[in-house]
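The next block holds one structure in the form of structure tokens; read it before the comments.
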Amino acid sequence: MSASQTLGGQSRCGRALGPSLDKIVKNATWRKHSQLVSSCKSVLDKLESLTDSIIHSPLFGISPSDAEFVLHPILLALDSAYPKVVDPALECLVKLFSSGLIRGEIDNGSKNVIIFKIIESVCKVGGIGEEAVELSVLRVLLSAVRSPCVLIRGECLVHIVRTCYNVYLGGLNGTNQICAKSVLAQVMLLVFTRVEEDSMDVNVKTVSVSELLQFTDKNLNEGSSIHFCQNFVNEVMTASEGVPDDKLLLLPPSDILQNGSGGAGDDNDNVGEGDQKSELSDKKTNNEAETGGGGGEAGGSKIREDGFLLFRNLCKLSMKFSSQETPDDQILLRGKILSLELLKVIIGNGGPIWRTNERQVINKSILQCFELQPLYIYQCRP
């Protein structure tokens, strides 16, 4: 048996982590990344002694304390912003999410603090100026949202969408921008199919990249970009199809990711006004005051609560107007058009929930969307 096959020990998480940690050690600059190298070696030694066990943890089969320890070098690698160690860290995260090895609820203030920090760091490295890293970031984020074992909530979900927006608006090439748009559309289908069924375990169709470029962004196509981006999305979606349903049953009752009970509290509900490329904001507003009802409305489902939050943010983003200082803001215009296209994807694939009165905000948001359709059609004309 080769060394790469034995790295990480016998646990499933170890087999995913081991080769990536070894690659990080080999690619690191020893003087600059001594702490990272030391952390990787300590974790590799630790993984040799770990075996899978049925335990409630953010990392399948590993205790919560050990999970934080073994994931720490991944966080360090991402925070280094050094492409040669960032790349294997991102590759490892794709494996962990696609295999259902990372589990539970991810949001600011949740128990899975290390996972939340990792998602934040993944979003951050998307801006280091490397084409390959941009694509890897998109792959990780789509894998995370795609996983039926992970419920990404509130600020974390908004952060993921904002990161994809930024790649779309300022990506290093046309192919990456098309990939970002495709990932955003796929995320919308994932989130709102779950909203419809109020369940994490759903069948979701894969977006058609060529249809997304039917009216806009044809100029971004660099020959084989459409084919590349379609394969990109297909690979992520099919990689997660083999996740066994029984992993969901290993979650503690408070973390069951189906028909979860959402509590009232603060949610992200504002569109950013800072960085032109940062189209969605971290700023929080009280969701109960916004909707005129508590978190228990519409069944109190966490899945639906976050879906409504995301839908409202897209509606608000589509209504942003340029300032007097920058009346011809092309980045803002592209962001508005993208928001309308994503709203069209959501409503075009919507089911019975969009024809009910469970939440007054749905009706208001849909009305806003259709009021803006003439603007969308006008801006998208060739």
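The values are calculated or read from the model by the stated rules, or taken from the named source; none is laboratory data. Predicted, not measured: the structure shown is a model, and the values here were computed from it. Because the Cβ atoms are built from the backbone with ideal geometry, glycine has one as well, and the counts that use them run over all protein chains shown.
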Out of the residues in region 213-246 that are closer than 22 Å to residue 169 by Cβ and modelled with pLDDT of 90 or more, state the one that is surrounded by the most Cβ atoms within 10 Å (Cβ to Cβ).
229
State which residue is farthest from residue 44 (Cα to Cα) when the search covers only region 95-118 and only residues that are among the hydrophobic types (A, V, I, L, M, F, W, C) and crowded, with 23+ Cβ neighbours inside 10 Å.
106
Looking at (1) in contact with a helix residue (DSSP H, G or I) (Cβ under 8 Å, 6 or more places away or on another chain); (2) of a type outside the set (S, T, N, Q); (3) within 19 Å of residue 97 (Cα to Cα), find the lone condition where residue 12 falls short.
(1)
Name the helices (runs of 4 or more DSSP H) wholly within region 106-176 that hold at least 1 residues that are closer than 25 Å to residue 334 by Cβ and touching a His at 6+ places or on another chain (Cβ under 9 Å)?
113-125
Hey, any hits in region 331-354 for a residue that's at pLDDT below 80, loosely packed, with under 15 Cβ neighbours inside 10 Å and in a helix (DSSP H, G or I)?
yes
Criterion violated by residue 144 - all others in (1) farther than 18 Å from residue 236 by Cβ; (2) crowded, with 23+ Cβ neighbours inside 10 Å; (3) of a type in the set (Gly, Ala, Ser) satisfied
(1)
Whether any residue in region 51-70 is under 19 Å from residue 164 (Cα atoms) and crowded, with 24+ Cβ neighbours inside 10 Å is what I want to check.
no
If I ask for residues that are among the small types (Gly, Ala, Ser) and in contact with a Cys (Cβ under 7 Å, 6 or more places away or on another chain), which ones from region 5-36 would you list?
16, 20
Could you check, for region 283-306, whether at least one of its residues is under 19 Å from residue 183 (Cα atoms) and modelled with pLDDT of 80 or more?
yes
Residue match in region 206-229 (condition: closer than 12 Å to residue 145 by Cβ and either in a helix (DSSP H, G or I) or not basic (Lys, Arg) (or both))
no
Pick from region 27-45, criterion among the charged types (D, E, K, R) and either at pLDDT 95 or above or within 16 Å of residue 68 (Cα to Cα) (or both), ranking: surrounded by the most Cβ atoms within 10 Å (Cβ to Cβ)
41
Go through (1) in a loop (DSSP other than H, G, I, E, B); (2) closer than 29 Å to residue 200 by Cα; (3) touching a Ser or Thr at 6+ places or on another chain (Cβ under 9 Å) one by one and return the number of the condition residue 89 breaks.
(1)
